[in-house]
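For reference, the structure discussed in these notes is given below.
The values are calculated or read from the model by the stated rules, or taken from the named source; none is laboratory data. Because the structure is predicted, anything quoted here is derived from the model rather than measured. No Cβ is skipped: glycine too gets one built from the backbone with ideal geometry, and neighbour counts run over all protein chains shown. Keep in mind that these areas ignore ligands, DNA and RNA; they rest on the heavy atoms of the full protein, side chains included. Shrake-Rupley method; radii C 1.70, N 1.55, O 1.52, S 1.80 Å.
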Amino acid sequence: ETAFGFSPSTVWRYHKVDDPAQRREVLDKYFRSLGEHRISPYNPAPMDGWTVDWKGLDAKTGKLDAGKTITDVEPVFKWGAWDAAMKRAFDTYHFNSFVMRVEGLGGGTFHERYEPRFLGYPGGSPEYDILMGKYLKGIEDHLREKGWLEKAYVYWFDEPDPKDYAFVMNGFATLKKHAPGL
């Protein structure tokens, strides 16, 4: 298994490519080369993300809808374009791993870090735990259903120093609690 920090934006800038169709064409050529050399990029679907909406939360303000409690809020995932791009990544390029984007864990590097926060709720709050639980379960369930869970990993903190170990372990504890397969 491999994991390579490939930057499509750098490639497009180098080739002076702005048109989305041309960007896809250039990306395809790079991905074919990476695949032929058994190198999997962190993100094999950089032009096709997934999204999540929250039923029970006002999309503009992030506040609970009238009469709703935090336990009523449910994630609604939109995987379509991402699923198609990921299928191509595995079937065409034969990539064998990918970074699964997870919002809300916090993150950083040995230089600096930012604290966990999800949908406006700070890490450690009951609301954070409830919403992160639903979010991570939805991600893990989808990856399992697609057969991609074993290929996924979460890369949310880069090169922690000893001063960061407790922080990093807290993030991993959140993942383990709500999505132990990730």
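In deg cm²/dmol and to the nearest 500, what is the mean residue ellipticity at 222 nm of the chain if only DSSP H runs of at least 4 residues count, each as -39500 (n - 2.57), divided by the residue total?
Working: 5 runs with 72 residues, N = 182.
Dividing the helical sum by the residues of the chain leaves -13000 deg cm²/dmol.
Please list, in chain and number order, the residues 5+ apart from Ala3 or on another chain whose amide H is under 5 Å from its amide H, with Hs placed from the backbone.
The answer is Ser40.
Leaving out ligands and nucleic acids, note down the accessible area per residue over the chain with a 1.4 angstrom probe, in whole Å².
On a per-residue basis, 59 Å².
If I compute solvent accessible area with a 1.4 Å probe over the protein chains, what percent of it on the chain is carbon and sulfur?
Answer for the chain: carbon and sulfur cover 53 percent of the accessible area.
So, counting K/R as plus one and D/E as minus one, what does the shell of residues with Cβ under 15 Å around Arg24 add up to?
Residues near Arg24 contribute -1 overall.
May I ask you to evaluate 6.51 cos²θ - 1.76 cosθ + 1.60, the Karplus curve with θ = phi - 60°, for each residue of the range 90-106 and list the ³J(HN,Hα) values in order in whole Hz, giving x for glycine and proline?
7, 7, 8, 9, 6, 5, 10, 7, 7, 7, 8, 5, 10, 7, x, 6, x
How big is D, in µm² s⁻¹, for the chain by Stokes-Einstein at 37 °C and 0.692 mPa s if Rh is the Kirkwood radius over C-alpha pairs?
Translational D for this selection: 182 µm²/s.
Based on the alpha-carbon set only, what is the convex hull volume of the range 16-100 divided per residue, in Å³?
Dividing the Cα hull volume of the range 16-100 by its residue count gives 127 Å³.
Mind listing the phi-derived Karplus ³J(HN,Hα) values for the range 49-66, rounded to whole Hz, using 6.51, -1.76 and 1.60 with θ = phi - 60°, and x for any glycine or proline?
Ordered by residue, 3J(HN,Hα) equals x, 10, 9, 9, 9, 10, 5, x, 10, 5, 4, 7, 9, x, 8, 4, 5, 3 Hz.
Roughly how tilted is helix 126-146, in degrees to the nearest 10 and between 0 and 90, from the longest Cα axis of the chain?
The angle comes out at about 40 degrees.
Dipole of the range 32-182, Cα-centred, from +1 at each Lys and Arg C-beta and -1 at each Asp and Glu C-beta, to the nearest 20 debye?
The dipole of the range 32-182 has a size of about 260 debye.
Considering Cα pairs under 8 angstrom that are at least six residues apart, work out the relative contact order of the range 1-55 and quote it in whole percent.
Numbers: 28 pairs, mean separation 29.8, N = 55.
With pairs under 8 Å counted, the relative contact order is 54 percent.
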